[in-house]
Each structure stands twice: as C-alpha cells, then as structure tokens.
Amino acid sequence: MRLTNQQIASGLEGLDGWTHAGTEIRKEFRFRDFAGAIDFVNSVAQLAEKADHHPDIRIKYNTVLLSLSTHSEGGITHKDISLAKEIDRI
C-alpha cells in the first residue's frame, strides 16, 4: 500500500540524507574511489535480494545514487523505508 506524503515524511525523519522525489526516495553516497562504490553496491545487492525489493542504482565513479520505489504500487511503500534503513546500516 502506497504511503501518503505525511507518512513518507515521517519515515524519512529516521533516515540520514534520504529525500522524497516524486514517486521515490533517493540518496547519494560518496566513496573514496570506484572500488569502494562497487563494494557498497554489492552489499546493497545482497540486502535487496534478501528483501526481494530492488533499488535503481546509478554509479558514477565514486558516487552511487540509490532510488527506491515500489513499482507495483506506483509509489513509496513501507518496503522502501525499510530497505533504506537497512542500507543505512551498511
């Protein structure tokens, strides 16, 4: 079930650096180098597989942009907030 804007804002309060943009939440991560970015993406991939919920990932050298949305629901759900929390623990 899609979250309301108020529910999304509330969920983001407990997250560091995640923003709401349209039908997704997103965060940019920066690393020392490309290898660090790839290590991070591999860790995210393991979490995503375990949760059966997969972010859109953009890698630009040492920067990784993650975007979360529940496409089957047409927007942001508790799955997205939950996975964002797990990603922040990496």
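The values are calculated or read from the model by the stated rules, or taken from the named source; none is laboratory data. Quantities reported herein were computed from a predicted structural model and do not represent experimental measurements. Glycine also receives a Cβ, built like all others from the backbone with ideal geometry; neighbour counts cover every protein chain displayed.
For the reader, a short list of remarks on this structure follows.
- Considering 85, 60, 27, 79, the condition of being modelled with pLDDT of 95 or more, of a type in the set (Lys, Arg) and more than 25 Å from residue 6 (Cβ to Cβ) is satisfied by 60 alone.
- Spans of strands (runs of 3 or more DSSP E) in the chain with at least 1 residues surrounded by fewer than 14 Cβ atoms within 10 Å (Cβ to Cβ) and of a type outside the set (S, T, N, Q): 19-21, 24-30, 56-60
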